[in-house]
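Any read-out appearing in this document is the output of simple, stated calculations on the displayed coordinates, not a laboratory observation. Source: prediction; values computed, not measured. Here the Cβ is made from the backbone with ideal geometry for all residues, glycine too, and neighbour counts use every protein chain on show.
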Amino acid sequence: MHYHCEVIMPKTKDIQGDLESILAPFDESPEMDEDAKGGEDSEWISERYSFWDFWVIGGRWAGTKEMCICGKDKLDAFCAELKKRNITVSGVQCGKHKLSPASQIPMVDELWCSFFPTETGEIVPCPIFAHSNDQYDSDTCIACDICSLEELPETLTCARVIIAGPSHDGDKIEAKYMISDDMYNGVNFVPVMWDGKVTTALELFKKDLSTYAEKYKQEYTPKPDWLCITIDYHS
């Protein structure tokens with residue numbers, strides 16, 4: 001199954017590298033060498049808490065933030081127009097719906113941009129459909145998939161949120177807080193008391209930070225210029 005995660009972390013010049021550092025301890029891969037784990041003396045998170053075997057920036061969730069910004073009413077109106085024009089999709093779905101026949105793509109993209117015009121007037125792919133990105137390639141993510149916290153849509157929801165910060169020795173970045181919509185208790189998955197909103201996860205983390213020493217509270221408190229990155233992970 002594929003799930004939607006949002007990773008919140010300090011601004012960086014190496015997004016891919018820092019994401020790898022944050023997510024590595026939760027890899028479900030059965031075999032991992034000592035270098036990947038950080039060496040023989042490092043603390044490694046138990047396999048009981050691993051949750052992914054593949055991840056990519058954007059993926060099948062690419063454009064989710066953009067659609068939140070667009071607003072439900074306007075999106076509903078757009079979808080109603082698609083239905084009116086008898087737009088058809090492939091009967092086989094793997095991720096986003098794929099327009100079929102593909103000859104519909106230019107018309108759908110033009111319609112999207114008429115509802116949600118870009119600042120430059122450029123025609124961009126409709127993020128609802130599979131042609132908008134390569135769901136297995138981080139380099140094809142959609143602009144809003146990597147945004148600052150001050151650009152975060154209030155309505156954004158997902159299955160998991162990770163908030164990261166520098167390690168105690170400052171040599172890497174690591175997860176400082178994580179919440180997901182369910183939890184495995186050793187027998188079955190049980191729901192977590194969380195509404196799924198990224199903004200709520202931030203509020204819960206800030207409550208946790210109230211018990212931290214002032215030095216770490218300042219260091220780990222998310223700032224407006226921190227990044228919020230959409231991740232598609234498979235488990």
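Side notes on the structure shown:
- Counting every other Cβ atom within 10 Å of each residue's Cβ, HIS97, HIS168 order from fewest to most as HIS168, HIS97.
- Going from the residue with the fewest nearby Cβ atoms within 10 Å to the one with the most, SER210, SER132 rank SER210, SER132.
- Full extension of the chain between ASP53 and TYR212 gives 54.0 nm of extra length, using 0.36 nm per residue less the Cα-Cα distance.
- For HIS97, distant residues with modelled amide H under 5 Å away: ALA130
- Per-residue HN-Hα couplings for segment 104-111 [Karplus 6.51, -1.76, 1.60; θ = phi - 60°; Hz; x = Gly/Pro]: 7, 4, x, 5, 5, 5, 5, 5
- Alpha carbon convex hull of the chain, volume per residue in cubic angstrom: 159
- Cross-link pairs beyond the 31 Å C-alpha cut-off, checked among LYS74/LYS176; LYS96/LYS172; LYS13/LYS72; LYS96/LYS197; LYS72/LYS172; LYS13/LYS206: LYS74/LYS176; LYS96/LYS172; LYS13/LYS72; LYS72/LYS172
- Residues with amide H under 5 Å from that of ASP182, placed H, sequence gap 5 or more: VAL192
- Taking TRP112, TRP61, TRP52 and counting other C-beta atoms within 10 Å, the order from fewest to most: TRP52, TRP112, TRP61
- Compared with the dominant Cα axis of the chain, that is its longest principal axis, helix 198-209 is turned about 10°.
- Centroid-to-centroid separation of segment 131-196 and segment 48-90 [C-alpha atoms, Å]: 17
- Extension gain, LYS197 to ASP73: 0.36 nm times the residue separation minus the Cα-Cα distance gives 42.7 nm.
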